[in-house]
Amino acid sequence: MKPLRTPPRVEPRKPGNALIVAAMLLSLCILSLIKARYCPSPYDKAQSPTEVDHVEVSKIVAETSGKAAALPGVDDDEGNAVAPPKIVADEAVSNLSRPLCFETSKRSNVCEAEGGIRLQGSSRTIFLHPSLTDREWKIKPYCRKHDPPAMKKVDEWTMKPFPSDEAPPRCTAKYTVPALVFSIGGFTDNLFHDFTDVIVPLFISSYRFRGEVQFVVADIKPSWVRRFILILMQLSNYDIIDADNDDPSAVRCFSRVIVGLSFHKELGVDPSKTATGYSIVEFKGMLRKAYGLERPTVERWGVRRKPSLLLISRNKTRVFLNEKGIADMAASLGFDVRVTEPTNKTDVGEFARLVNTADVMMGVHGAGLTNMVFLPAGAVLIQVVPMGAPSWLPRDTFEQPSRDMQLKYLDYHIEGDESTLTEQYPKDHPVLNDPSSIHKQGWYALSEVYLENQNVRPQLDRLKNTLLEALKLLPRISKEA
């Protein structure tokens with residue numbers, strides 16, 4: 001039988017002990033005051049608790065949930081749904097006021113989230129962990145938010161939290177790379193809009209990932225995807241996900257999602273706004289790789305090598321009525337002239353290789369001039385500007401972008417006696433005498449008059465001077481054996 005343990009003896013409390021305890025408490029109070037006064041808070045003025053980046057929130061919640069799951073409620077390693085525990089981390093809850101969507105330009109909005117992402121393409125819905133947001137966010141992922149007619153052709157996506165007291169939708173597929181969601185609705189199938197609304201913004205948004213990004217494409221056009229598949233393959237190492245035709249039961253899980261593309265300027269990239277300073281020069285390099293373009297820069301011309309001129313033809317609006325005369329005149333100046341008209345059915349790669357052989361490309365303002373993206377550096381772009389066009393239109397769409405693309409730029413402005421508008425309106429009509437009054441009526445009014453119902457007949461002697469100027473801009477062999 002074990003002896004009973006003798007209880008410890010309690011010494012009688014002495015007055016000196018009380019004094020010692022009181023002194024310790026006073027010391028702790030003083031230390032607390034000093035810490036509050038001189039030790040900085042984890043959240044300074046530039047980053048209040050409500051402004052903690054949601055990347056950090058994901059880490060906080062992950063640490064409190066253990067290493068088996070990235071976030072509470074995420075599937076475990078076997079793919080089984082794990083019931084989410086109650087969120088108690090103040091840091092996670094404080095992130096709820098942080099917006100997930102923001103404006104990247106007057107043309108584009110982008111939504112971004114990280115941690116516990118569930119994407120259902122068929123319903124255009126993205127479920128987020130409730131630590132990231134407590135409300136719904138809606139976005140149309142196409143870079144013309146200022147243009148209602150374009151946005152009518154773009155479906156809306158919703159980002160919302162899944163209930164914190166329920167298991168989230170079970171993952172049917174998991175991805176280790178970010179998802180980038182965008183639309184190819186809007187005004188696509190017009191080459192200018194293909195590039196300025198989608199392809200260039202897609203480059204801006206995805207190039208930093210070096211292929212390690214998953215494209216989720218909405219408002220799908222199979223013919224569009226086929227036309228530009230070589231570009232898509234340069235920017236992503238993975239087959240695209242067709243959101244329109246995705247299995248309704250599919251739940252695709254990502255650790256990060258970006259919805260919408262960033263727009264900088266027409267056919268352009270602002271290096272100061274990109275992750276590593278890349279620009280439209282890198283964009284053109286990507287195109288050369290995609291289509292096997294052999295000429296990064298123009299070559300010198302001389303007796304043994306004629307300079308080449310590519311004349312972009314049109315057959316519906318803004319037509320060259322004296323196209324043959326233009327081609328013959330250019331040939332008499334020593335150009336090797338090719339006349340061609342690209343269409344939506346033209347093979348992009350084949351046409352890109354043709355454009356890349358040109359030293360000079362000339363055409364009336366329109367989508368066909370977008371092919372300048374395939375010209376070698378140092379080539380010359382000549383834009384024929386229709387009568388009455390507002391000055392910003394040729395400048396913003398092709399003049400400024402061409403300079404960023406390391407091209408030489410010239411323009412030729414159509415005058416009254418070179419335009420069919422003089423045959424349609426009396427001499428004193430505002431269309432001829434006061435174009436600004438038509439411009440004030442809005443885009444559709446000016447487009448209908450000056451772009452959709454005008455053909456041109458440039459005076460050959462005047463156009464000849466422009467072509468001679470283009471020759472001077474091209475490098476030439478000074479002496480030949």
- [ ] With a point put 7 Å past each Cα toward its Cβ, work out how far Ser391 is from Tyr238 in nm, to one decimal.
- [x] 4.9
Open item on the list: Quick check for you: with a 1.4 Å probe and neighbouring chains kept, what is the accessible area per residue of region 118-231, in Å²?
Closed with: 36
TODO: Extending each Cα 7 Å along its Cβ direction at Ser332 and Asp155, get the distance between those two points in nm, one decimal.
DONE: 5.8
Task: Paramagnetic reach from Ala275 in region 151-188 [backbone N under 13 Å; point 7 Å along Cα→Cβ] - done: 177-180
Open item on the list: Beyond 22 Å, how much of the Cα-Cα pair distribution for region 321-402 remains, as a whole percent?
Closed with: 29
Task: Accessible surface of region 237-386 [probe 1.4 Å, protein heavy atoms]: carbon and sulfur percent - done: 47
- [ ] Could you please state how large a percent of the accessible area of region 422-477 is carbon and sulfur, counting protein chains only and using a 1.4 Å probe?
- [x] 49
- [ ] Keeping every protein chain in place, order Arg118, Arg457 by accessible area at 1.4 Å, biggest value first, i.e. largest first.
- [x] Arg457, Arg118
TODO: Whenever you get a sec, line up Asp155, Asp219 from highest to lowest accessible area (probe 1.4 Å, protein heavy atoms).
DONE: Asp155, Asp219
Open item on the list: Accessible area per residue for region 252-340 in Å², computed with a 1.4 Å probe and the full protein assembly in place, what is it?
Closed with: 46
TODO: Take region 96-233, drop everything but the C-alpha atoms, weight them equally and run the Debye formula without solvent; then report log10 I(q)/I(0) at 0.14 Å⁻¹ to two decimals.
DONE: -0.69
TODO: Kindly list the residues of region 125-151 that lie in the label zone of Ser164, defined by a backbone N under 15 Å from the point 7 Å along the Cα-to-C-beta vector.
DONE: 128-136
Open item on the list: Can you classify region 269-339 as rounded, prolate or oblate using the Cα gyration tensor, where a ≥ b ≥ c are the square roots of its eigenvalues, rounded means a/c under 1.5, and otherwise it's prolate if a/b beats b/c and oblate if not?
Closed with: oblate
- [ ] Determine, at each q value in 0.09, 0.15, 0.18, 0.20 (inverse angstroms), the log₁₀ of I(q)/I(0) that the Debye formula gives when each Cα of region 329-481 is one equal point scatterer.
- [x] -0.33, -0.87, -1.16, -1.33
Task: Where region 360-481 is the region considered: accessible area per residue in Å², 1.4 Å probe - done: 46
- [ ] With the convex hull built on the Cα atoms of region 155-205, state its orientation-averaged projected area in nm².
- [x] 5.4
Task: Segment Lys440-Glu282, length gained on full extension (0.36 nm per residue, minus Cα span) - done: 53.1 nm
Open item on the list: For a 30 Å ceiling on Cα separation, which of these pairs sit above it: Lys153/Lys316; Lys284/Lys306; Lys273/Lys440; Lys140/Lys408; Lys152/Lys345?
Closed with: Lys273/Lys440; Lys140/Lys408
Open item on the list: Cα atoms only: what Rg and Dmax, in Å, come out for region 362-440?
Closed with: 14.5, 45
TODO: Please work out how much length the chain gains when fully extended from Tyr425 to Glu323, using 0.36 nm per residue of separation minus the C-alpha to C-alpha distance, in nm with one decimal.
DONE: 34.3 nm
TODO: Report the accessible area of Leu354, computed with a 1.4 Å probe over the heavy atoms of all protein chains in place, in Å² rounded to the nearest 10.
DONE: 40
Open item on the list: Using the crude model of +1 on Lys and Arg Cβ and -1 on Asp and Glu Cβ, and no other charge, please compute the dipole size for region 352-481 relative to its Cα centre, in debye to 20.
Closed with: 540
TODO: State the extension gain, in nm to one decimal, for the chain segment bounded by Lys138 and Asp247, taking 0.36 nm per residue of separation less the distance between their alpha-carbons.
DONE: 37.0 nm
TODO: Counting other Cβ atoms within 10 Å, keep those with at most 10, restrict to DSSP loop, and tell me which trypsin sites (Lys or Arg not before Pro) in region 350-443 are left.
DONE: Lys427, Lys440
TODO: Measure off 7 Å from each Cα along the Cα-to-Cβ vector at His146 and Leu468, then give the distance between these two points in nanometres to one decimal.
DONE: 4.1
Task: Carbon + sulfur, % of accessible area of region 107-149 - ligands and nucleic acids excluded, 1.4 Å - done: 47
TODO: Report the convex hull volume per residue for region 200-268, counting only C-alpha atoms, in Å³.
DONE: 106
TODO: Report, please, the projected area of region 249-389 averaged over directions, based on the convex hull of its C-alpha atoms, in nm².
DONE: 13.3
Open item on the list: About the Cα centre, and with charges only on the beta carbon of Lys, Arg (+1) and Asp, Glu (-1), how big is the dipole of region 280-346? Nearest 20 debye, please.
Closed with: 100
Open item on the list: Pairwise over distinct Cα atoms, reciprocal of the mean inverse distance: report the Kirkwood radius of region 177-306 in Å, one decimal place.
Closed with: 16.0
Task: FRET efficiency, Ser313 to Asn433 (Cβ-Cβ, R0 25 Å, nearest 0.05) - done: 0.25
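The values are calculated or read from the model by the stated rules, or taken from the named source; none is laboratory data. Because the structure is a prediction, the values reported are computed rather than measured. Here Cβ is always computed from backbone atoms with ideal geometry, including for glycine, and neighbour counts include all displayed protein chains. When the accessible area is computed, the model is the full protein with side chains, heavy atoms only, and any ligands, DNA or RNA have been set aside. Shrake-Rupley method; radii C 1.70, N 1.55, O 1.52, S 1.80 Å.
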